[in-house]
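Notes follow once the structure below has been shown.
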Amino acid sequence: MKINELINKYYFHDSLVTNISSGNNEVKINIELCNWKQKGYLKNEPEMKEIEVIFKDVSCCKFDFIEGNIDYDTILEVSYSGENNEKIKFVLEDEHNIKILEFYSKNVDINEL
């Protein structure tokens, strides 16, 4: 799926990031998604859902924190800009710090865990 489709399909605010890894031109982000905040949520579904978001063809990846230093950090913002090679920005918060992850990617896959 394209990055704009991801942003339009999922509401990430207040969901929790449990792991971030990068390599082989990919960034993988494990998220405990606030399922109850998603469009089309039904009351009989779980309120939280674990997903893995895999960004493909990643370039210019910039962490302002130590990769692997993630422990149920809250997502404050997910944004993107650009038309072809999308620039993605995640703003996270732990108990004491704001963390920013930025990179360029063209496509993304979602896996339910």
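Any residue at all in the stretch 41-61 that is closer than 15 Å to ILE100 by Cα and open to solvent by 50 Å² or more (accessible area, probe 1.4 Å)?
Kept after step one, since they are closer than 15 Å to ILE100 by Cα, are these residues of the stretch 41-61: 60-61.
Keeping just the survivors that are open to solvent by 50 Å² or more (accessible area, probe 1.4 Å) gives 60-61.
For the stretch 41-61, residues closer than 15 Å to ILE100 by Cα and open to solvent by 50 Å² or more (accessible area, probe 1.4 Å): present.
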> Applying the selection to the stretch 49-79, what residues are more than 15 Å from the chain's Cα centre (by Cα) and assigned to a strand (DSSP E or B)?
Replying inline: SER59, CYS60
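Quick check on my filter: what residues within the stretch 6-40 are more than 13 Å from PHE55 (Cβ to Cβ) and open to solvent by 50 Å² or more (accessible area, probe 1.4 Å)?
The answer is ASN8, LYS9, TYR11, HIS13, ASP14, ASN19, TRP36, LYS37, LYS39, GLY40.
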> Taking the stretch 62-113 only, how many residues are surrounded by 15 or more Cβ atoms within 10 Å (Cβ to Cβ) and of a type in the set (Gly, Ala, Ser)?
Replying inline: 1
>> Looking at the structure I just gave you, is LEU33 part of a loop (DSSP other than H, G, I, E, B), within 22 Å of ASN8 (Cβ to Cβ) and hydrophobic (A, V, I, L, M, F, W, C)?
In response: no
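The values are calculated or read from the model by the stated rules, or taken from the named source; none is laboratory data. In this text, all values refer to a predicted model and were calculated from it rather than measured experimentally. In this analysis, Cβ positions are derived from the backbone assuming ideal geometry, glycine residues included, and neighbour counts consider all displayed protein chains. The protein model used for the area step is the full one, side chains on, heavy atoms only, and it has no ligands, DNA or RNA in it. Shrake-Rupley method; radii C 1.70, N 1.55, O 1.52, S 1.80 Å.
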